[in-house]
């Protein structure tokens, strides 16, 4: 690791939680965007094409927000899993070092 960089599992877990919250909030936004009260007919005959485009684009945005929310959730999950693996590896490494130290100390 670069000099001065320390791995703080609790900070990483908090960061992962931010991704989970962002995913949840995006779902709320997506629900609003995907179920907009403005429909193509509301644009009138003269603007009918614009109304159909509006519905199509709002649907596409809602789909993109769904995908983004899923990805943010996955990032949070992976950060948590990685943190757990690093903590487990550090704990195992420390236990192994203690075991080696106790064996070498007991031989004296």
*GNM on the chain, C-alpha springs below 10 Å: top fluctuator among 16, 40, 62?*
40
*Estimated distance in nm for a label pair at residue 102 and residue 42, the labels positioned 7 Å out from Cα along Cα-to-Cβ*: 7.0 nm
*Return a whole-number percent for the relative contact order of the range 1-65, with Cα pairs under 8 Å and 6 or more residues apart as the contact set.*
31 percent
*For the chain, find the longest principal axis of its Cα atoms and tell me its angle to the long axis of helix 48-106, 0 to 90°, nearest 10.*
0 degrees
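Calculated from DSSP H runs of 4 or more alone, at -39500 (n - 2.57) each and per residue, what is the 222 nm mean residue ellipticity of the chain, nearest 500?
Dividing the helical sum by the residues of the chain leaves -29000 deg cm²/dmol.
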_Given a 10 angstrom Cα cut-off, can you work out which residue in 80, 23, 37 is the most mobile in a GNM of the chain?_
37
*If only Cα atoms are counted, what is the Rg of the chain, and what is its Dmax, in Å?*
25.5, 95
*Highest-MSF residue in the chain out of 36, 82, 66 [GNM, Cα springs under 10 Å]*: 36
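The numbers here are math on the coordinates, done by the rules we state, and not lab data. This one's a predicted model, so the numbers in the text were calculated from it and none came from an experiment. Glycine also receives a Cβ, built like all others from the backbone with ideal geometry; neighbour counts cover every protein chain displayed.
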